[in-house]
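J.: Below is the structure I would like to discuss, written out as structure tokens.
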Amino acid sequence: MSETIIGIDLGTTNSEVAVIRDGRPQVLDVDGGPILPSVVGLADDGSLLVGRAARNQYALYPERTVRSVKRRMGEDVQLAMGGQSYSPQEISALILKRLKAAAEAHLGEPVHKAVITVPAYFSDAQRQATRDAGELAGLEVVRIINEPTAAALAYEVDAKAARTILVYDLGGGTFDCSVVRAGGEVTEVLASHGNNHLGGDDFDAKLIMHVLEHLRTEHDCDASDDRAAMARLARACEAAKIALSDAPYARIDEEYLLPDHDPPVNLSLEIDRETYEEMIEGWIDETLEAVHTALKGAELTVADIDEVLLVGGATRTPLIQQRLEQTLGMQPRAEMDPDLCVAAGAAIQAGVIAGEATTAVLVDVTPYTFGTSAVAEMNGALYPHCFVPLIRKNSPIPTVKSEAFQTMTDGQAAVDVRVYQGEDRDALNNTLIGSFRVEGLSDVPAGNIVVLRFELDLDGILKVTATEKRTGHEKHIAIDNATARFEAEELEAAKGRLAALMADEAEILDETLAPGAARPQEEQREVVQARALLEKAERLLETAGVEDKDDLVDLSETVRDALDAGDMPKLGPAVASLSDLIYYLET
Ligand code: AMP
């Protein structure tokens, strides 16, 4: 048997190690789980702490704890820890040693070699420092690979024909987006852009500010100088942030947060997803701008992207997935654990070097989107059957997602919950797979909140629960075999739709072409195309002749005006004219 080479994702916030077992990458348990916080510290008694224990003491003893050492790799600096100073390579080596030891314990044999991933933008000095850290940890670094390349390997993207992939990587403290060309033997990063100081930690910081403000106004106290209280808040806010990825509300309960305050402060605060999303929106906009910059760097447009891969724990934030889908016109792939896929990719590369055969990581995902219907705006008017997806297609299962809804009328005593499977914005075009009625709601004004919870297990059983938020009054149904049974039903539904289409083609055409009746998905596609064409036109301006330049500018302006005004009837012809001109100029 060949010597095992381990794959390591040496991250700013967290690190992981993986190996190939039975042909598949397996991320190993290191610190009570697969994620090792990239934090090193010294305990009270001077003993070394790596991982969670070190992270937990950071807020209390920053002078003897080092975090985010990756940011300093390649710099000629010394980092202070407990009165001593260490190079970034030495601190990183302590993290690598811990990962190596975990792999050795798992494999039952010594490990000498590793593949380590680094960000695509890392300079030679930073890559060399990473190699040096490996050597200090007793590891020969047989290959350094780029993180987005590793992600593409983990998704087995290069097994297919040549593809252009956008890897959107938002971790705890860094954001990178890379355009990767994968196909055949070679996977290369065409362009990369990002922000070294943006990540999930910033989202936590916003929540902490929000809580501090609440403490000031509601409890008349300031917790910002109390290290112990801030350490507790940091943990509680991160937990609330993570909860908000799957639920519309999260509670932060910290008893005796400030025990010395008179009276002692017990914190109990609910945060809703909408408020949280407003806090982080600006950062998400920034990441989307970076996506466009990376595309520009690769001389590509949105329309050239074949796939979008999500990497990094913070990409579990639903708003990020929604905004990416809106901007790029396609659903990002998130089947793999975004925390672990870079390590898995490193292990695949390690396996290739060691001459091992590898196959894809198999994960259970739902092949369908599940959701409900609600009254919402569609094509500028209120429509009672808008589809609201809760569990998206290709989500790893088991999974639980919940979402808040409101009653429409004062004193509304009941709601009908319909459960659909499908992708269409109009719920009536999807397959109804179950429904139930919740009665006995409180006699209160409109806006009474009912939380719907969708729970899909590995056996494909979908349990849907509706709970009146103010009373906890609930009702639920279980739909058996939700992921498998409906294949046949969907086929029938599709057949029905096709038959209707053929029988009444003219009528349907009329409907599609009537002003304002374009389907939202088509509109979205048209908007994405329009933006892509504008980018292309801008690039062509540099080389076009004077007359063509004028035409390009005029047509671009018309497209831009229609986009700004959301004028879809005007956008269609304008996009067609611009597209014709670009075609003419390119050929
Ligand atoms: P990474 O550096 O890739 O391990 O990402 C870590 C970041 O992801 C931290 O800021 C985590 O709080 C964040 N994170 C992990 N899980 C979730 C989640 N379910 N929703 C939002 N953020 C998350």
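J.: Among SER123, SER178, which is at pLDDT 90 or above and under 22 Å from GLY297 (Cα atoms)?
T.: SER178
J.: Another one. Looking at SER245, is it closer than 20 Å to ALA314 by Cβ, open to solvent by less than 50 Å² (accessible area, probe 1.4 Å), under 27 Å from the mean Cα position of the chain (by Cα) and more than 16 Å from the ligand (Cβ to nearest atom)?
T.: No; evaluated as a whole, the condition is false for this residue.
J.: Could you list, in sequence order, all residues of the range 173-203 that are out of contact with any Leu (no Cβ under 9 Å at 6 or more places or on another chain) and closer than 30 Å to PRO259 by Cβ?
T.: ASP201, ASP202, PHE203
J.: Let me ask you something else. Among the listed residues ALA18, ALA43, identify the single one that is within 15 Å of the ligand (Cβ to nearest atom), open to solvent by less than 60 Å² (accessible area, probe 1.4 Å) and small (Gly, Ala, Ser).
T.: The unique qualifying residue is ALA18.
J.: Anything in the range 75-84 that is under 17 Å from PRO62 (Cβ atoms) and either assigned to a loop (DSSP other than H, G, I, E, B) or open to solvent by less than 70 Å² (accessible area, probe 1.4 Å) (or both)? List them, or say none.
T.: The answer is VAL77, GLN78, LEU79, MET81, GLY82, GLY83.
J.: Still on this model: Does GLU335 satisfy the criteria of being among the acidic types (Asp, Glu), free of Cβ contacts under 8 Å to residues at least 40 places away in the same chain and either more than 23 Å from GLU439 (Cβ to Cβ) or open to solvent by less than 30 Å² (accessible area, probe 1.4 Å) (or both)?
T.: no
J.: When GLN89 is evaluated against the numbered criteria (1) more than 26 Å from the chain's Cα centre (by Cα); (2) within 26 Å of ASP169 (Cα to Cα); (3) open to solvent by 50 Å² or more (accessible area, probe 1.4 Å), which criterion, by number, is the only one it fails?
T.: Just one mismatch for GLN89, condition (3).
J.: OK, next. Take LEU207 and tell me if it is at pLDDT 95 or above and in the same structural domain as ALA229 (by TED's automatic domain parsing).
T.: When the stated conditions are applied, LEU207 passes them.
J.: Across the range 291-302, what is the total count of residues that are closer than 20 Å to GLN322 by Cα and open to solvent by 10 Å² or more (accessible area, probe 1.4 Å)?
T.: Qualifying residue count for the region: 2.
J.: Here's a follow-up. Could you say whether any residue in the range 419-427 is open to solvent by 50 Å² or more (accessible area, probe 1.4 Å), assigned to a strand (DSSP E or B) and not basic (Lys, Arg)?
T.: no
J.: Moving on to the next point. In the range 172-189, is there at least one residue being away from the ligand (no atom under 15 Å from the Cβ) and in contact with a Cys (Cβ under 9 Å, 6 or more places away or on another chain)?
T.: Taking every residue of the range 172-189 in turn, none turns out to be away from the ligand (no atom under 15 Å from the Cβ) and in contact with a Cys (Cβ under 9 Å, 6 or more places away or on another chain).
J.: Identify the single condition in (1) touching a residue at least 24 places away in the same chain (Cβ under 8 Å); (2) in contact with a strand residue (DSSP E or B) (Cβ under 9 Å, 6 or more places away or on another chain); (3) buried (at least 16 other Cβ atoms within 10 Å of the Cβ) that GLN412 does not satisfy, given that it satisfies every other one.
T.: (2)
J.: Could I ask something else about it? Could you pull out the residue among VAL375, VAL365, VAL352, VAL419 that is more than 22 Å from the chain's Cα centre (by Cα) and under 17 Å from ALA482 (Cα atoms)?
T.: From the options VAL375, VAL365, VAL352, VAL419, the qualifying one is VAL419.
The values are calculated or read from the model by the stated rules, or taken from the named source; none is laboratory data. If you're wondering where the values come from, they're calculated on a predicted model, not measured in any experiment. Heads up, the Cβs are rebuilt from the backbone with ideal geometry, glycines too, and the neighbour counts pull from every protein chain shown. In case anyone asks, the SASA skips ligands and DNA or RNA and just uses the protein heavy atoms, side chains included. Shrake-Rupley method; radii C 1.70, N 1.55, O 1.52, S 1.80 Å.
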